[in-house]
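The block underneath contains the structure these notes are about, expressed in structure tokens.
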Amino acid sequence: MLQIIQSFKTGETILEEVPSPEIKKGHILVKTNRSLVSLGTERMLVEFGKSGYLAKAKQQPDKVKQVLDKIKTDGLLTTYESVTNKLAEPLPLGYCNAGEVIAVGDGVKGFKIGDRVASNGAHAEYVCVPENLAANIPDNVSYEEAAFTVISSIGLQGIRLLNPMFGETIVVVGLGLIGLITSSLLRSNGCNVIGIEPDPKKAEIAKQRGITVFPVNSQVENVLSATNGTGADGIIITASNKSNDIISCAAKMSRKRGRIVLVGVIGLDISRADFYEKELTFQVSCSYGPGRYDPDYEQKGIDYPLPYVRWTEKRNFEAVLVAISQGALEVKSLITEKVKLSDYKRIYDNLSSADSIASLIEYSVDSQYNATVKLTDNKLKSGKGLIGIIGAGNFTKMTMLPSLKDYASSIKYIVSANGVTGTYLAKKYGISYSTTDFKQVLQDEETDSVIITTRHNLHAPMVVESLKAGKNILVEKPLVLNEDELNEVIDTYKKTGGSLTVGFNRRFSPFSKKAKEIIGNSGQPITVIANMNAGFIPQNIWVHDMKTGGGRIIGEACHFFDLITYFTGSLISEVKAEALGCDPSDNTDNLSMLLKYKNGSLGIVNYFSTGSKAYSKERIEIHFAGKSLVIDNFKALQAYGVKGFSKMKGRQDKGHKEQFTSFAKRIKEGGNALIPFDQLVNTTKATFAAVESFKCGASVRI
């Protein structure tokens, strides 16, 4: 299928052929008929992309701070590579889509095949959207009108926050598309509407809609005059301008105890005096309404109860469509131009044009659904060893594929959820096929190996399917999220005699391998203390969700369980975990965990998110036979009491490249598993035991 994307690095807008998305649970698959270009938002993205590195940095000072913090912990070169990779990532454009449902995912109740729907889908021939981000289109509303649904909901949500009363005077600052729609909705609500707009054409359109319009240079005086010196009851700012004058003028033209709501993007250097004297209220509106950016609502389909949250983003979509259907909101006259998808440049080459209000993209009814796109005619190496990459997220992009660049000719497929990132990476690394269909990789007899880097909840089912398909598997940690999944993997592994390893890369670091060389394989007990200064991650991020990410102990601390197992040469027999001032029922990321090994070794894993970013992120101490070793952030190894060796330093190396290249070699040449299967199972069980231990307050035997 064809999709419009933008290079975040250069700002260039491209019509790219990418795989059509696969239907997912809780989602609907839509064949697009029309989509609306949000000129303000998309112009801002394109202009940001075209700006230089310095200009980008000035616009995102919070990101600059994150980069500086990363330099302290990971080093300059690693950070530079991460930043440049991030900037090179393609960005799908568009969020105002209207089309026909062609497939319905499991659990979806409000849609069926053949329904006409409006959604926040991108500018693509096919989109897969969650059920709470789509709404059915009334019979008397055209696709062209329905394409205005999502952008209208942005204005509607601003109105809901303002809570205007019948007869009040409301000022709308900025009469672009959202401003014009907001003004029309306010008039339908019985408000006296005043618009502030410098562009004569937009001002004229507003006047034709019954809106009083004042120029910018005399806005305060005119509004005060029109309200007999009282000031406006409420102000909605839909403008996009970096100036601080807009918020200052809004305060000056407000009545005492007036309300100001920001929908657009402006400078926010607020004068206390402007707000203090009038006791003004100010609020920023968030997109389409309640539910926005809440993964439980948007991705899992968990609705907010209507009696308590009357207007969610989905219900705002539905309200807009009803308004269009009943004639309370007229949008057809706002259409400036209609272009076919293939002529998209007519819009994007003129995003700054003052003549544009609303531009529509028309899609061909003959577009073909295709989950796989062939990108190159590169000849793949014959024989065994062809790889399918499952997952195209940050880890794949920034860590795995750079590690495998010397083996790119062995990679036949890359699978991604939306097709865009996978296609970009396939082009960059010369991978033959980009697809959204995981099962196509399994059905390809020529491809005998898969590397799985999806979100954690997909690991177990994909591993089971891959084992049944007879593939060699390297799956990123964790292997599974619960005992039931683990038992299924063990059972399938035994039945198929498959090949499986987990991405416990720390044991492949040159610093770890040198430490193991010094420790030797005597089997004598040793003591290992591993400190993981993991850093804070907000609770609403998916890694904390036990069903999606498994929590940070199962999902991340497993690295250190495996690493200590590697050093001791033994298996964990018992785990005792203590949480930091935490209710035992909570999923915490601040624990001290004592690991007892069968050969008498002891491991202590201190995993915490409360430490300083200036301190090493990972630090491992190993004590044995009068000797001590310290690995500092996988950039240095210091030895004490070891004859002939004192220290080893270098660029940070957590073992990723060695792990992936060893896997690629092993599947071609054969040999033992990179990590014994019993160690994979033992490490996984130990992480479950750690979670159980801190909840029950007792040691847990494995």
Is it the case that some residue within the range 103-117 is acidic (Asp, Glu) and out of contact with any Asp or Glu (no Cβ under 6 Å at 6 or more places or on another chain)?
-> yes
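Every residue, every condition in (1) in the same structural domain as Asn590 (by TED's automatic domain parsing); (2) of a type in the set (S, T, N, Q); (3) within 21 Å of Asn587 (Cα to Cα), yes or no:
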site	(1), (2), (3)
Lys649	yes, no, no
Gln652	yes, yes, no
His656	yes, no, no
Lys668	yes, no, no
Thr684	yes, yes, yes
Cys696	yes, no, yes
Breaking point among (1) assigned to a loop (DSSP other than H, G, I, E, B); (2) under 30 Å from Gly470 (Cα atoms), for Phe536 | (2)
For the range 610-647, what are the residues that are small (Gly, Ala, Ser) and either without any contact (Cβ under 8 Å) to a residue 24 or more places away in the chain or outside the structural domain of Thr565 (by TED's automatic domain parsing) (or both)?
-> Gly626, Ser628, Gly641, Gly644, Ser646
Taking the range 430-451 and keeping only residues that are crowded, with 18+ Cβ neighbours inside 10 Å and out of contact with any strand residue (DSSP E or B) (no Cβ under 7 Å at 6 or more places or on another chain), one is left with Leu442
For the range 160-196, what are the residues that are under 21 Å from Arg292 (Cα atoms), within 30 Å of the chain's Cα centre (by Cα), of a type outside the set (D, E, K, R) and surrounded by fewer than 24 Cβ atoms within 10 Å (Cβ to Cβ)?
-> Leu161
So how many residues does the range 404-419 have that are surrounded by fewer than 24 Cβ atoms within 10 Å (Cβ to Cβ) and under 23 Å from the mean Cα position of the chain (by Cα)?
-> 2
Considering residues of the range 206-231 that are surrounded by fewer than 20 Cβ atoms within 10 Å (Cβ to Cβ) and over 30 Å from Glu277 (Cα atoms) only, the residue nearest to the chain's Cα centre (by Cα) = Arg209
Give the number of residues within the range 335-369 that are more than 21 Å from Ile178 (Cα to Cα), over 31 Å from the mean Cα position of the chain (by Cα) and in the same structural domain as Gly99 (by TED's automatic domain parsing).
-> 0
(1) part of a loop (DSSP other than H, G, I, E, B); (2) more than 21 Å from Pro478 (Cβ to Cβ); (3) modelled with pLDDT of 95 or more all hold for Gln638 apart from (1)
Please specify each residue of the range 671-683 satisfying the condition of being more than 17 Å from Thr568 (Cα to Cα) and either within 31 Å of the chain's Cα centre (by Cα) or small (Gly, Ala, Ser) (or both).
-> Gly671, Ala673
Go through (1) surrounded by fewer than 16 Cβ atoms within 10 Å (Cβ to Cβ); (2) of a type in the set (S, T, N, Q); (3) at pLDDT 95 or above and name the single condition Thr454 misses.
-> (1)
Of the residues that make up the range 470-479, is at least one in contact with a Ser or Thr (Cβ under 9 Å, 6 or more places away or on another chain) and either in the same structural domain as Ile554 (by TED's automatic domain parsing) or surrounded by fewer than 19 Cβ atoms within 10 Å (Cβ to Cβ) (or both)?
-> yes
Out of the residues in the range 558-611 that are in a loop (DSSP other than H, G, I, E, B) and of a type in the set (Asp, Glu), which is farthest from Pro538 (Cα to Cα)?
-> Asp583
Strands (runs of 3 or more DSSP E) wholly inside the range 190-277 containing at least 1 residues that are touching a His at 6+ places or on another chain (Cβ under 8 Å) and within 19 Å of Pro164 (Cβ to Cβ) = none
Taking only the range 8-42 into account, find how many residues are over 26 Å from Asp115 (Cα atoms) and in contact with a Phe, Trp or Tyr (Cβ under 9 Å, 6 or more places away or on another chain).
-> 7
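The values are calculated or read from the model by the stated rules, or taken from the named source; none is laboratory data. Here the structure is a predicted model, which means the values were calculated and not measured. Here Cβ is always computed from backbone atoms with ideal geometry, including for glycine, and neighbour counts include all displayed protein chains.
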